[in-house]
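**Q** I am attaching a structure below and will ask some questions about it afterwards.
The values are calculated or read from the model by the stated rules, or taken from the named source; none is laboratory data. In this text the structure is predicted, and so the values were computed from the model without any measurement. Backbone-built Cβ (ideal geometry, glycine too); neighbour counts: all protein chains shown. All accessible areas refer to the heavy atoms of the entire protein, side chains included, with ligands and DNA or RNA removed. Shrake-Rupley method; radii C 1.70, N 1.55, O 1.52, S 1.80 Å.
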Amino acid sequence: MGPVTATIERTEPHAPTGTAAPAPVLPPLRIGPITVRTPVVLAPMAGVTNTAFRTLCREAGRSGGFDPGLYVAEMVTSRALVERNEAALRIVTFGEDEQPRSAQVYGVDPATVGAAVRLIAEEDRADHVDLNFGCPVPKVTRKGGGAALPWKRQLFTDIIRAAVRAAEPHGIPVTIKMRKGIDDDHLTYLEAGKIAEGLGVAAVALHARTAAQHYSGVADWEAIARLKETVRTVPVLGNGDIWSAEDALEMVHRTGADGVVVGRGCQGRPWLFADLAAAFNGSDARIRPGLREVADVVYRHGELMIDYYDGDEQRGVRDLRKHMGWYLKGYPAGGEARHNLARVSTLAELRELLDGLDLTFGYPGEDAEGQRGRAGRPKKPHLPQGWLDSRELNAEFEARLREAELSVSGG
């Protein structure tokens, strides 16, 4: 089958011949030497934004003839890269037509992060490196990593400095993605943004929630506006509660952000990037797929997953299972079909199950839109005992932080 958008019709035709092209909403996003004409970034999501899913999103983004944006690989730990872990190296493997190539690195030791970035640069594995300071997962924050780390300002500073120094000789820009802070009483994002700007990062992205919020509640877009007022010399990108192209336009209008980072909103909807590309280029064209079009995308996703796992059909199709609920949100698939698709093991079985759906069903409207995945509830952050007592890092905490380096990905 061809690209994801081959069977998906747009709701609006292209402008008639002789009609002036609509004006872009924002100027191109400049991340160091990289120019992204559509200021939209696919957020790195563990277990989701591998080569297969990025391919679907990128094809959708360019389907209207627009620059497709920037698509970041799922997070990989610095230790795993330095140890040349096979799974970690797979994460920073990109398709032949992926340009620019973006990798996200997580780490808690400045020397290891620097070594990982140097490996990526010297082996020409990516054109852009993002540093993760936003992971709220307890197994990371309970050891002081992820969204908890900027609280220790010197460690935060040392990690960014090491990454920028390792990347700079190779002309690779380094960016950061962070949260507002640990909780409402321990906010770090404004200070962290200024520190990162001063150390030479090429852009700063803010998921406008605290670690305590996890994915619950409403993203605080006003925080993005405050960060934009604070960080003046590099782009500021906004992340959180972008479920549609209209949400993205509203975010940049309200905050002054230079672009948007989209995460959960595209789960099961890679065609969202077609909507985003159109919107930021001044078009009201939108993708509204019927169930047949969705089924075609799911099947192609399965094929791409098998390619990602070097022809291992069972592994590729098994990894596709998590996407089924997202793809079918709002569509009348039925409980039994959903159950069977969530247990599918082969492409033939996948094709049979998809063909058994009511493929004449059109776009269900708002039932297929809005929030994706589980938002959950606010959670008291899991932190090392005494972590909040001081902004400085003592020897005991430094030893504990080494344990926050996970084998491959922070989840």
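**Q** Say we join alpha carbon atoms closer than 10 Å with springs in a Gaussian network model of the chain; which of Ser63, Ser345, Ser390 then has the biggest fluctuation?
**A** Ser390
**Q** Still on this structure, I have one more. Using only the heavy atoms of the protein chains and a 1.4 Å probe, how would Leu393, Leu70 rank by accessible area, largest first?
**A** Greatest to least solvent exposure: Leu393, Leu70.
**Q** Of Ala167, Leu190, Leu155, which is farthest along the charge dipole of segment 126-200 in the positive direction, counting Lys and Arg as +1 and Asp and Glu as -1 at C-beta?
**A** Leu155
**Q** Mind ranking Thr77, Thr346, Thr360 by accessible surface for me, highest first, 1.4 Å probe?
**A** Descending order: Thr360, Thr346, Thr77.
**Q** Need the C-alpha centroid separation for segment 289-320 versus segment 150-189, integer Å.
**A** Centre-to-centre distance over Cα atoms comes out at 36 Å.
**Q** With a 1.4 Å probe and every protein chain kept in, tell me what percent of the accessible surface of the chain is carbon plus sulfur.
**A** Answer for the chain: carbon and sulfur cover 47 percent of the accessible area.
**Q** Dipole of the chain (Lys/Arg Cβ +1, Asp/Glu Cβ -1, origin at the Cα centre): which of Trp387, Val261, Tyr215 lies farthest to the positive side?
**A** Trp387
**Q** Please turn the phi angles of segment 78-84 into ³J(HN,Hα) values with the Karplus equation 6.51 cos²θ - 1.76 cosθ + 1.60 (θ = phi - 60°), one per residue in order, whole Hz, x for glycine and proline.
**A** 5, 4, 5, 5, 4, 7, 6
**Q** Sticking with this structure for a sec: Averaged per residue, what accessible area in Å² does segment 200-303 show with a 1.4 Å probe, protein chains only?
**A** About 27 Å² of surface per residue is accessible.
**Q** Report the residue, chosen from Gln213, Gln154, Gln104, that carries the largest GNM mean-square fluctuation when the chain is represented by alpha-carbon nodes joined by springs under 10 Å.
**A** Looking only at Gln213, Gln154, Gln104, the biggest GNM fluctuation is shown by Gln154.
**Q** Given a 1.4 angstrom probe, what's the average accessible area per residue across segment 31-74, in square angstrom?
**A** In whole numbers, segment 31-74 has 23 Å² accessible per residue.
**Q** Using only the Cα atoms of segment 59-211, each taken as one equal point scatterer with no solvent, compute I(q) by the Debye sum, divide by I(0), and report log10 of the ratio at q = 0.16, 0.18 Å⁻¹.
**A** Here the Debye-derived log intensity ratios amount to -0.85, -1.04.
**Q** Another one. Rounded to the nearest 20 debye, what is the charge dipole size of segment 198-334 about its Cα centre when +1 sits on each Lys and Arg Cβ and -1 on each Asp and Glu Cβ?
**A** Result for segment 198-334 is approximately 280 debye, rounded to the nearest 20.
**Q** Using only Cα positions of segment 64-144, each an equal point scatterer, no hydration layer, compute I(q)/I(0) via Debye at q = 0.13, 0.19, 0.26 Å⁻¹ and quote the log10 values to two decimals.
**A** Log10 of I(q)/I(0), two decimals: -0.42, -0.82, -1.32.
**Q** With charges only on Cβ, +1 for K and R and -1 for D and E, what is the dipole size of the chain about its Cα centre, in debye, rounded to 20?
**A** I would put it at about 920 debye.
**Q** Something else: Nearest 500 deg cm²/dmol is fine: what mean residue ellipticity at 222 nm does the chain get from its DSSP H runs of n ≥ 4 alone, each adding -39,500 (n - 2.57), divided by its residue count?
**A** -10500 deg cm²/dmol
**Q** How large is the accessible surface of Asp367 in square angstrom, using a 1.4 angstrom probe and rounding to the nearest 10?
**A** 90 Å²
**Q** Report the antiparallel proportion of the DSSP beta bridges in segment 94-225 as a percent, rounded to a multiple of 5.
**A** Around 5 percent antiparallel, to the nearest 5.
**Q** I've got another one for you. Per residue, what accessible area does segment 130-178 have, given a 1.4 Å probe and all protein chains present, in Å²?
**A** 30 Å²
**Q** Here's another thing I want to ask about it. Evaluate the charge dipole of segment 90-201 about its Cα centre and quote only its size in Debye, nearest 20, assuming +1 on the Cβ of each Lys and Arg and -1 on the Cβ of each Asp and Glu.
**A** Around 500 debye, computed over segment 90-201.
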